[in-house]
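What follows is a short report on a single structure.
The values are calculated or read from the model by the stated rules, or taken from the named source; none is laboratory data. Bear in mind the structure is a predicted one, so any value in this text is a computation, not a measurement. Note that each Cβ is placed from the backbone with ideal geometry, even for glycine, and that neighbours are counted across all protein chains shown. Ligands, DNA and RNA are excluded from the accessible area calculation, which covers all protein heavy atoms including side chains. Shrake-Rupley method; radii C 1.70, N 1.55, O 1.52, S 1.80 Å.
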Amino acid sequence: MGNREDLLAGAKRCLREQGYDRTSVRDIATAAGVSMAAIGYHYGSREALLTQALFALLDEWGDSMGRALAPKPDDSPAHAFEHMWDGLLEQFGAHPDLWLATLELFMQAQRQPQLRTRLSDGLTEGRRGMAAILESVPEEAVSEHSARTVGMVQMALMSGMMIQFLGNPDHPPTTAEMLEGLRALARIVDDRP
């Protein structure tokens, strides 16, 4: 690997171990085994490198997570949904560093307009991907309406469950509790005059 690739690998490692805000130029250079000046030469700034590293981590992880969450061919929609949530909760516990990095991404995006644009694009893809898994169709077959309804609600549930899982890892929410809560909410919503 060259310095550019070493820096990206070092930045990924630092993000997972220390997070965005706590990672310094020195940390990245040390992890990569290169000089601090190499960051400016290859990436322009610490922020640009960390942003690229964070999106690279999320892309790698998202691809593998999408495969793990995909329903089995013989699953009913309800069983596929439960299977997805079992997988998500397992991922929350197995990779808390990546989930924390996604939370940091949201905070950083509030201060960096170019990052906010990339995040917005990523959320759009995420909603479409979640709708595709839930509807058992390819992403290109997901309608904009499904992405903005089914995908959006799934992403909201995911974010909320992730925060609760990370906030209380000793007593994290379970799939059964979440499903029971969703059923109760559905009864409330359906009980309209």
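Just checking, which of L100, L105 is closer than 19 Å to A11 by Cα and open to solvent by 80 Å² or more (accessible area, probe 1.4 Å)?
Only one candidate qualifies: L100.
Quick one: how many residues across the range 67-86 are open to solvent by 20 Å² or more (accessible area, probe 1.4 Å), over 27 Å from Q18 (Cβ atoms) and either in contact (Cβ under 8 Å) with a residue 12 or more places away in the chain or not in a helix (DSSP H, G or I) (or both)?
Going residue by residue through the range 67-86, those that are open to solvent by 20 Å² or more (accessible area, probe 1.4 Å) are 67-68, 70-79, 81-83, 86.
Narrowing further to those that are over 27 Å from Q18 (Cβ atoms): 67, 70-79, 81-83, 86.
Keeping just the survivors that are either in contact (Cβ under 8 Å) with a residue 12 or more places away in the chain or not in a helix (DSSP H, G or I) (or both) gives 70-77, 81-83, 86.
Number of matching residues: 12.
Looking at the range 1-24, which of its residues are touching a helix residue (DSSP H, G or I) at 6+ places or on another chain (Cβ under 6 Å), closer than 15 Å to L103 by Cα and either of a type in the set (V, I, T) or surrounded by fewer than 20 Cβ atoms within 10 Å (Cβ to Cβ) (or both)?
R16, G19
Which residue, of L49, L89, is on the phi < 0 side of the Ramachandran plot and touching a Leu at 6+ places or on another chain (Cβ under 9 Å)?
The conditions single out L49.
Residues T124, T102, T117: which one is closer than 12 Å to L54 by Cβ and either touching a strand residue (DSSP E or B) at 6+ places or on another chain (Cβ under 7 Å) or polar (S, T, N, Q) (or both)?
Numbers: T124 fails: closer than 12 Å to L54 by Cβ; T117 fails: closer than 12 Å to L54 by Cβ.
Result of the check over T124, T102, T117: T102.
Of everything in the range 168-182 that's without any contact (Cβ under 8 Å) to a residue 24 or more places away in the chain, surrounded by 10 or more Cβ atoms within 10 Å (Cβ to Cβ) and not aliphatic (A, V, I, L, M), which residue is nearest to E104 (Cα to Cα)?
So the residue we want is N168.
As an exercise: evaluate M107 against (1) over 26 Å from S76 (Cβ atoms); (2) hydrophobic (A, V, I, L, M, F, W, C); (3) modelled with pLDDT of 90 or more and give the number of the one condition it does not meet.
So the condition that M107 fails would be (3).
Looking at the range 144-159, can you tell me whether even one residue there is among the hydroxyl-bearing types (S, T, Y), touching an Asp or Glu at 6+ places or on another chain (Cβ under 9 Å), surrounded by fewer than 17 Cβ atoms within 10 Å (Cβ to Cβ) and closer than 25 Å to E90 by Cβ?
Here is the first cut: in the range 144-159, the ones among the hydroxyl-bearing types (S, T, Y) are 146, 149, 159.
When the remaining residues are screened for being touching an Asp or Glu at 6+ places or on another chain (Cβ under 9 Å), the result is 146.
Retained after the next criterion (residues that are surrounded by fewer than 17 Cβ atoms within 10 Å (Cβ to Cβ)): none.
No: zero hits.
Just the residues that are of a type in the set (S, T, N, Q) and touching a residue at least 12 places away in the same chain (Cβ under 8 Å), please, taken from the range 1-45.
N3, T23, S24, T30
Name the residue, out of T117, T102, that is hydroxyl-bearing (S, T, Y) and in contact with a Leu (Cβ under 8 Å, 6 or more places away or on another chain).
Residue meeting the stated conditions: T102.
Please count how many residues of the range 25-68 are more than 22 Å from L119 (Cα to Cα) and in contact with a helix residue (DSSP H, G or I) (Cβ under 7 Å, 6 or more places away or on another chain).
14
Find all pairs meeting these conditions: Cβ atoms under 7 angstrom apart; at least six residues apart or on different chains; first residue within the range 50-63 and farther than 21 Å from A29 by Cβ and in a helix (DSSP H, G or I); second residue at pLDDT below 85 and among the aliphatic types (A, V, I, L, M).
Matching pairs, first to second residue: W61/L98.
For the range 33-49: of the residues being among the hydrophobic types (A, V, I, L, M, F, W, C) and part of a loop (DSSP other than H, G, I, E, B), which is surrounded by the most Cβ atoms within 10 Å (Cβ to Cβ)?
Among them, the one singled out is V34.
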